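The values are calculated or read from the model by the stated rules, or taken from the named source; none is laboratory data. In this text, all values refer to a predicted model and were calculated from it rather than measured experimentally. Heads up, the Cβs are rebuilt from the backbone with ideal geometry, glycines too, and the neighbour counts pull from every protein chain shown.
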Amino acid sequence: MVTGGPAVPEGTGTLRLRSHTYEGNRYAVMGVINRTPDSFYDRGATYALEAALASADHAVASGVDIIDVGGVKAGYGAHVDEAEEIRRTVPFVRELRARHPDVVISVDTWRAAVGRSCAEAGADMINDTWAGADPDLARVAAEYGTGLVCSHSGGLAPRTDPHRVRYTDVVADVIAGVRSLAERAVSLGVRPDGVMIDPTHDFGKNTYHSLELTRRLGELAATGWPVLVAVSNKDFVGETLGAGLTERGEGTLATLAVSAREGARVFRVHDVPAARAALDAVAAVGTAR
């Protein structure tokens, strides 16, 4: 069982993952590894185990803090059952832990059984991008002492896309949702210094909502919970710039810099070297709050 560091009062902004502490303007870069044949971005480039491990090795050499592995495409696609998701993620987690003992390993899943299997294989963090769809996932994080991402999906079920979604105030809705999930997680025994909140750009949101969340990200940071942002190459970046999937790098880096300035702490990205350089520059010029 993985054990975490000492607990701190909830909402202090301190984040501890494995032996690392992130606070102030120390940013954590989270590199994406998709062990899926149909990822929206890489189209299966890291589906094979050896390809996934090689990508992780490169990310570690480039200064990544966290490796986030997912075994199911976020959007519409072929059904992937629990057993198949475990088959795609657990061998990778086990081998990555052996290769890189100090890197933080995250699993992107909404299923408690997958989170449990990955925690037993050495994962330090559960990235629940579907807002507690499986209420037992937080219990797994508590049992194994892992970090937990509390997200906002606008009430959508896993792997569904928004359709004419509306909010009176999207930021207020997000804050209420993620704060409730964070408080529930702590009440179940999740370490307060292992909880992150994620506005979850584009999940249950249109481009206007995702832009509004980016502009007002400081309001999420003001809750005291460390903020994770996953904006890399997303549709709102492409729609804003009129950019295709492979043309969103500059827009992604700009959004990362704005997010860092507004107080985000963890940044989930596809291009680790570029993100590391951009965030190091933000920290160096003192724009972080």
* Would you mind finding the one in 106, 39, 62 that is farther than 26 Å from residue 194 by Cβ and within 20 Å of the chain's Cα centre (by Cα)? => 39
* Restricting the range 92-115 to residues that are buried (at least 23 other Cβ atoms within 10 Å of the Cβ) and out of contact with any strand residue (DSSP E or B) (no Cβ under 9 Å at 6 or more places or on another chain), the residue that is nearest to residue 268 (Cα to Cα) -> 110
* Please work out if residue 62 is among the hydroxyl-bearing types (Ser, Thr, Tyr), more than 26 Å from residue 152 (Cβ to Cβ) and surrounded by fewer than 17 Cβ atoms within 10 Å (Cβ to Cβ). => yes
* When the residues of the range 229-255 are filtered to those that are touching a residue at least 60 places away in the same chain (Cβ under 8 Å) and either part of a helix (DSSP H, G or I) or not hydroxyl-bearing (Ser, Thr, Tyr) (or both), which remaining residue is farthest from residue 27 (Cα to Cα)? -> 245
* If a residue has to be surrounded by 16 or more Cβ atoms within 10 Å (Cβ to Cβ), hydrophobic (A, V, I, L, M, F, W, C) and either closer than 14 Å to residue 24 by Cβ or more than 16 Å from the chain's Cα centre (by Cα) (or both) to count, how many in the range 258-289 make the cut? -> 9
* To do: Output the residues belonging to the range 97-144 that are more than 19 Å from residue 54 (Cα to Cα), among the β-branched types (Val, Ile, Thr) and not in a loop (DSSP other than H, G, I, E, B).
  => 114, 126, 140
* **Residue that is surrounded by the fewest Cβ atoms within 10 Å (Cβ to Cβ) [pool: residues in the range 194-251 that are farther than 16 Å from residue 177 by Cα and in contact with a Lys or Arg (Cβ under 6 Å, 6 or more places away or on another chain)]** => 238
* Asked: Restricting the search to the range 145-180, which residues are assigned to a helix (DSSP H, G or I), among the hydrophobic types (A, V, I, L, M, F, W, C) and within 17 Å of residue 265 (Cβ to Cβ)?
  -> 174, 175, 178
* Asked: When you go through 186, 195 one by one, which is the residue that is under 17 Å from the mean Cα position of the chain (by Cα), under 19 Å from residue 124 (Cβ atoms) and of a type in the set (A, V, I, L, M)?
  -> 195
* Asked: Here are 36, 89: which of them is within 17 Å of residue 270 (Cβ to Cβ), among the hydroxyl-bearing types (Ser, Thr, Tyr) and either touching a residue at least 40 places away in the same chain (Cβ under 8 Å) or in a helix (DSSP H, G or I) (or both)?
  -> 36
* Kindly establish whether residue 169 is acidic (Asp, Glu), modelled with pLDDT of 95 or more and over 24 Å from residue 15 (Cβ atoms). => yes
